[in-house]
Amino acid sequence: MQCPYCQTTFPLTWGRYFGAPTGRHICPSCGKESRLPLTVSYWLLVFMAACLGGVPLALLLYVKLGSLWWSLAGWVIGALLTAIPIDKIFLDGRYRKLTRMAANATT
């Protein structure tokens, strides 16, 4: 990730990823806050990643256990196990760019 203020490049670690669930990150060099913007294409990709892991596990649990509740739990678990690494590694770490916060835009 690259700071939009001082242009310092820093890695998106798991600690930074889970420490900023809303996409607001603080630059380790200048200390200014920036954010990863949320777009429709981002949500579409996260949804597709969730379906990639969630649907097969949900179907498997429904066939094996015959319960809609276990199927729903399987979808949630599969979605989280698939979407979180895809979001952190590919989307946030490589393709999404930090933008200036509205309060810091003039500085």
Check: Restricting attention to the stretch 90-99, does a residue exist that is under 23 Å from Gly15 (Cα atoms) and more than 15 Å from the chain's Cα centre (by Cα)?
Finding: yes
Check: Could you list, in sequence order, the residues of the stretch 21-46 that are in contact (Cβ under 8 Å) with a residue 12 or more places away in the chain and among the hydrophobic types (A, V, I, L, M, F, W, C)?
Finding: Cys27, Cys30, Leu36, Leu38, Leu45, Val46
Item checked: Filter result (aliphatic (A, V, I, L, M), surrounded by 13 or more Cβ atoms within 10 Å (Cβ to Cβ) and at pLDDT 85 or above) within the stretch 50-64 -> Leu52, Val55, Leu57, Ala58, Leu59, Leu60, Leu61
Checklist line | Scope the stretch 70-89; condition surrounded by fewer than 19 Cβ atoms within 10 Å (Cβ to Cβ) and either at pLDDT below 85 or under 13 Å from the mean Cα position of the chain (by Cα) (or both); matching residues | finding: Leu80, Leu81, Ile84, Pro85, Ile86, Asp87, Lys88, Ile89
Item checked: Matching option when the condition is surrounded by 12 or more Cβ atoms within 10 Å (Cβ to Cβ) and either among the hydroxyl-bearing types (Ser, Thr, Tyr) or more than 13 Å from Asp92 (Cβ to Cβ) (or both), among Ser67, Ser41 -> Ser67
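The values are calculated or read from the model by the stated rules, or taken from the named source; none is laboratory data. Just so you know, these numbers come straight off a predicted model, no measurement behind them. So basically every Cβ, Gly included, is an ideal-geometry build from the backbone, and we count neighbours across all protein chains shown.
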